[in-house]
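Novice: Quick one: this structure, given as structure tokens, is what I'll be asking you about.
The values are calculated or read from the model by the stated rules, or taken from the named source; none is laboratory data. Everything quoted here is computed from the prediction, not taken from an experiment. Cβ coordinates were reconstructed from backbone atoms using ideal geometry, including for glycine residues, and neighbour counts include every protein chain displayed.
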Amino acid sequence: MYILFIFMKTFAVERVCLDCGARLLGRSDKKFCSDQCRNNYNNRINRDQNNYVRNVHAQLRRNRKILSDLLDDGHHRIHRDALIAQGYNFTFFTHLVETREGTRWSYCFEYGFHETEEGYLELRLCSSYLEMPVEEE
């Protein structure tokens with residue numbers, strides 16, 4: 001019996017939680033003591049990547065809100081500098097659409113604009129890409 005005790009103490013590695021360091025009991029492949037520790041650990045590992053996505057998404061939401069508020073107020077044409085003054089960032093948009101006539105519309109979700117003469121932008125709402133096409137029988 002004494003030999004078994006020495007063997008287990010020599011070769012047994014005490015397993016600890018990767019997040020809090022608490023002693024682990026149970027399955028041999030267990031890495032965390034609780035779901036909270038598992039979440040904390042994974043959030044810490046993915047923090048930089050998640051922050052980048054969160055910041056880009058926040059700017060897209062901000063741009064969309066600016067365009068939405070302008071169209072709700074009845075503006076269909078505005079100067080580029082007025083958008084910049086409201087915090088619009090032209091670097092962030094969701095997609096571009098080029099018409100048959102060659103006009104290039106920049107969209108932030110369903111709100112779009114294209115540049116006209118002397119720095120003015122024409123605004124519009126177009127949610128048709130959100131609608132599902134009807135399947136023909």
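Novice: Please name all residue pairs, on different chains or six or more residues apart, with Cβ atoms under 8 Å, provided the first residue is in the stretch 36-50 and is closer than 15 Å to residue 20 by Cβ and the second residue is surrounded by 11 or more Cβ atoms within 10 Å (Cβ to Cβ) and basic (Lys, Arg).
Specialist: 38/31
Novice: Show the residue pairs that are 6+ apart or on different chains and have beta-carbon atoms under 9 Å apart, the first residue being within the stretch 62-89 and exposed (fewer than 12 other Cβ atoms within 10 Å of the Cβ), the second being part of a helix (DSSP H, G or I).
Specialist: Going by the 9 Å Cβ cut-off, the qualifying pairs are 81/119; 87/62; 87/63; 87/66.
Novice: Restricting attention to the stretch 70-97, which residues are part of a helix (DSSP H, G or I) and β-branched (Val, Ile, Thr)?
Specialist: Answer for the stretch 70-97, where residues must be part of a helix (DSSP H, G or I) and β-branched (Val, Ile, Thr): just 84.
Novice: Does residue 67 satisfy being within 13 Å of the chain's Cα centre (by Cα), at pLDDT 95 or above and not in a loop (DSSP other than H, G, I, E, B)?
Specialist: Criteria not met by residue 67.
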